Amino acid sequence: EEYENTEKAMADFIRPDGIGHVLQKRLQERAASRPNTSWLQEWWNDLAYLSYRDSIVYNVTYYLQFADELPFAMADPSRRAARFVSHGLKFRDLVASGQLAPDMQKGGKPMSNTQWKYVFNCCRMPGDGTDFVRTYAPDLHNHIVVARKNRFYSFDVYDLNGDALSVDALELQFKRIIQMADAKGTDPNPIGILTAENRDVWYQKRKLLLVGPKAAENEKVLELIQSSIFAVTFDDSKPVTREEVGRALLHGDGKNKFWDKSFMITVFDNGKMGYVGEHAMADGLTTTRFVNETLDKMFSDPESKDMRTSKPLPVVTPGLTEPVSLQLTLTKEAKSAIKEAEVTFDEIISTKELSVLMFYGYGSQQIKKYKTSPDAFAQLAIQLAYYKTFGYCRGTYESTQTRAFLHGRTEVTRSVNVDSDAFCKAMTTGALSHTSKQLHQLLVKATQTHVAYIGQASRAQGCDRHLLGLKLLLREGEHAAIFDDAAYKRSGHWAISTSGLVGENMDGWGFGEVVPDGIGIGYSVQNNRIRYSVTSRHKWAKRMTANLERALLEMQALCEANTEQPRAKL
């Protein structure tokens, strides 16, 4: 009956005299009136991100964990951070000068580069009901912000000649900051925690920082933080496990951060490092290029391969001065607001769970030998693991980039389909009635269906963004039954939110679930391993990672038994 209702609602929507054709015409007119952008961009930035009012920490932010290096390269956090920043500034120079080559599609066509405008010298700003994003001219703002012990500092990363500081000079500046902050001790009034508040609350509390006799000076401090190229945070913890590192990056205690920055590089006292991104204006599929290219250069430099034996030369840099302390003068009301924010943050984070599976059994190289798409394979494993955990499939979102189009962001690849459902059922409740060959055939069919959908989504032929655009063009008094349909609503309730990013020098990544009864899964299919980071607020994450491992092993066994392996060359 429910299916019949949905079918009828869609038939009414697309009939020649139906509201669907009226909305489609309006959408085409909107697109034609915006020849230099996307008809979706303004809506998407606002609805998906800037109008979101809960805390952006965990809910909007995401983390990328860097792989460890050999012990001598990890021993000095200041040096390791300096090496990453040095290579990262070269990438930033390409962006600022307009010389960064675009990512390329298959076939050699370039993809849109517009998101890079919002990666460096950029900050999200709290607003009344809706946030906005502020960008700063890269030729006028050549400083970074560094946090330690909940205290903020700043220094220019280019010398008087306009050249980026050397690794030695960056290391010296970082050491100076750590020494200054450690000597003062932990700031009991961490202003960074305010940026982790509900957005409307942060909008109001920000005003408390800009009152009193030092209001003008406080505003200058905030402006220095906001306009910085990016932030580097030196956390005084030493996380060890992937779950510990992931949680420390994704949220930590919320204090030694400025969460509105477009991104932060976090460095721990044991040398572990990662990237924390604010998602509003740039997607992970874009920013991982910066991270991957910077890490590739960092892991290729001599210091990653062997211990330094020569003594460092004295740092000689024109105009190099000590970092500036960015201290706000706080009123009693502002200090009270900070304490409230700390309590709220701790309460929210206490409900979160993160579990990580690092699967070393095989990776993309072996999956390709099974004549299967690595991404489709990883997605099908998610479906099977969820079915094992809960006994059914639910709406699943895979982020698929649409940067083949100007200002393109993402479209949804709906990972649940008739073929994936058939495979999951056959592998669980129907396991006794299917042969190995039949199960493998279902696996192949399900992955092929997934690949076809990804192709459609990347060409902007998915259904979700299109239907969103049509829905937003409804006028007062107009109605389209499909948008109120129970099955339609349920299919877009993303109980499983997923995204895949790759990088051989990343040790994985993750983000928070997008609905209260859901899970978030960030995954990476690397050459010889597969990593899943699963988040939830219902103690489901560990069960999911356990079942993901089972799913990967079972799918491997099916492929090994039914895929013709290439013969060894004599």
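The values are calculated or read from the model by the stated rules, or taken from the named source; none is laboratory data. In this text, all values refer to a predicted model and were calculated from it rather than measured experimentally. Methodologically, a virtual Cβ is constructed for each residue, glycine included, from the backbone with ideal geometry; neighbour enumeration extends over all protein chains shown. Heavy atoms of the whole protein, side chains included, go into the accessibility calculation; ligands, DNA and RNA do not. Shrake-Rupley method; radii C 1.70, N 1.55, O 1.52, S 1.80 Å.
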Top-ranked residue of region 14-57 - restricted to ones that are free of Cβ contacts under 8 Å to residues at least 40 places away in the same chain and in a loop (DSSP other than H, G, I, E, B), ranked as least open to solvent (accessible area, probe 1.4 Å): GLY18
task: With respect to ARG475, determine if the residue is without any contact (Cβ under 8 Å) to a residue 60 or more places away in the chain, closer than 23 Å to GLN41 by Cα and either in a loop (DSSP other than H, G, I, E, B) or not aliphatic (A, V, I, L, M) (or both).
output: yes
message: Going residue by residue through region 518-526, is there one that turns out to be open to solvent by 10 Å² or more (accessible area, probe 1.4 Å) and either at pLDDT below 95 or not aliphatic (A, V, I, L, M) (or both)?
response: no
task: Please tell me if ALA404 is closer than 25 Å to LEU285 by Cα and of a type in the set (A, V, I, L, M, F, W, C).
output: yes
message: GLU322 - would you say it is of a type outside the set (Phe, Trp, Tyr), in contact with a Leu (Cβ under 8 Å, 6 or more places away or on another chain) and more than 28 Å from TYR118 (Cβ to Cβ)?
response: no
- prompt: Quick one: which strands (runs of 3 or more DSSP E) sit completely within region 313-401 and have at least 3 residues that are among the hydroxyl-bearing types (Ser, Thr, Tyr)?
  reply: 396-401
Positions within region 206-235 being assigned to a helix (DSSP H, G or I), farther than 13 Å from ARG124 by Cα and under 25 Å from the mean Cα position of the chain (by Cα), in sequence order: LEU224
Breaking point among (1) more than 24 Å from TYR63 (Cβ to Cβ); (2) more than 22 Å from the chain's Cα centre (by Cα); (3) open to solvent by 10 Å² or more (accessible area, probe 1.4 Å); (4) not basic (Lys, Arg), for ALA404: (2)
- request: Sort out which residues of region 108-129 are at pLDDT below 95 and in a loop (DSSP other than H, G, I, E, B), and write them in order of number.
  value: GLY108, LYS109, MET111, SER112, ASN113
query: Residues ALA181, ALA164: which one is surrounded by fewer than 22 Cβ atoms within 10 Å (Cβ to Cβ) and aliphatic (A, V, I, L, M)?
result: ALA164
task: Look through region 197-222, keep the residues that are out of contact with any Phe, Trp or Tyr (no Cβ under 9 Å at 6 or more places or on another chain) and acidic (Asp, Glu), and return whichever of them is surrounded by the most Cβ atoms within 10 Å (Cβ to Cβ).
output: ASP200
message: List pairs: first residue in region 176-192 and under 11 Å from ASP236 (Cβ atoms) and hydroxyl-bearing (Ser, Thr, Tyr), second residue open to solvent by 60 Å² or more (accessible area, probe 1.4 Å) and not in a helix (DSSP H, G or I) anywhere in the structure, Cβ distance under 9 angstrom, at least six positions apart or on different chains.
response: THR186/ASP236
field: Only one of ASP260, ASP283 that is among the charged types (D, E, K, R), under 16 Å from the mean Cα position of the chain (by Cα) and crowded, with 22+ Cβ neighbours inside 10 Å
entry: ASP260
task: Those residues that are in contact (Cβ under 8 Å) with a residue 24 or more places away in the chain, surrounded by fewer than 16 Cβ atoms within 10 Å (Cβ to Cβ) and not acidic (Asp, Glu), I need them from region 88-116; list them, please.
output: LYS90, GLN105, LYS109
task: With respect to THR389, determine if the residue is within 20 Å of ARG531 (Cβ to Cβ) and open to solvent by 10 Å² or more (accessible area, probe 1.4 Å).
output: yes
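Rundown of residues vs (1) of a type outside the set (A, V, I, L, M); (2) within 30 Å of TYR158 (Cβ to Cβ); (3) out of contact with any helix residue (DSSP H, G or I) (no Cβ under 9 Å at 6 or more places or on another chain); (4) at pLDDT 95 or above, yes/no style:
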{"position": "ALA11", "(1), (2), (3), (4)": "no, no, yes, yes"}
{"position": "GLY18", "(1), (2), (3), (4)": "yes, no, no, no"}
{"position": "HIS21", "(1), (2), (3), (4)": "yes, no, no, yes"}
{"position": "GLN24", "(1), (2), (3), (4)": "yes, no, no, yes"}
{"position": "PRO35", "(1), (2), (3), (4)": "yes, no, yes, no"}
{"position": "SER38", "(1), (2), (3), (4)": "yes, no, no, no"}
{"position": "ALA73", "(1), (2), (3), (4)": "no, yes, no, no"}
{"position": "GLY88", "(1), (2), (3), (4)": "yes, yes, no, yes"}
- prompt: Looking only at region 530-550, which residues are in a helix (DSSP H, G or I), among the small types (Gly, Ala, Ser) and buried (at least 22 other Cβ atoms within 10 Å of the Cβ)?
  reply: ALA541
- prompt: In region 137-159, which residue that is over 16 Å from THR317 (Cβ atoms), among the charged types (D, E, K, R) and in a strand (DSSP E or B) is least open to solvent (accessible area, probe 1.4 Å)?
  reply: ARG148
- prompt: What residue, among those in region 74-87 that are open to solvent by 10 Å² or more (accessible area, probe 1.4 Å) and outside any loop (DSSP other than H, G, I, E, B), is nearest to THR402 (Cα to Cα)?
  reply: HIS87
field: The lone exception for VAL232 - which of (1) out of contact with any strand residue (DSSP E or B) (no Cβ under 8 Å at 6 or more places or on another chain); (2) surrounded by 17 or more Cβ atoms within 10 Å (Cβ to Cβ) it fails
entry: (1)
field: Any pair with Cβ under 6 angstrom, 6 or more apart, that starts in region 200-213 at a residue that is over 21 Å from SER55 (Cβ atoms) and ends at one that is open to solvent by less than 50 Å² (accessible area, probe 1.4 Å) and not in a helix (DSSP H, G or I)
entry: GLY212/THR331
- line: In region 431-460, anything without any contact (Cβ under 8 Å) to a residue 40 or more places away in the chain and farther than 22 Å from THR563 by Cα is listed as GLY455, GLN456
query: Any chance region 353-363 includes a residue that's open to solvent by 30 Å² or more (accessible area, probe 1.4 Å), free of Cβ contacts under 8 Å to residues at least 12 places away in the same chain and of a type outside the set (Phe, Trp, Tyr)?
result: no
Residue within region 418-426 that is under 24 Å from PHE405 (Cβ atoms) and either open to solvent by less than 30 Å² (accessible area, probe 1.4 Å) or among the β-branched types (Val, Ile, Thr) (or both) present: no
- prompt: What number of residues in region 176-205 are more than 29 Å from the chain's Cα centre (by Cα) and in a helix (DSSP H, G or I)?
  reply: 7
field: Residues located in region 467-487, provided they are closer than 23 Å to THR402 by Cα and either open to solvent by less than 70 Å² (accessible area, probe 1.4 Å) or modelled with pLDDT under 95 (or both)
entry: LEU467, LEU468, GLY469, LEU470, LEU472, LEU473
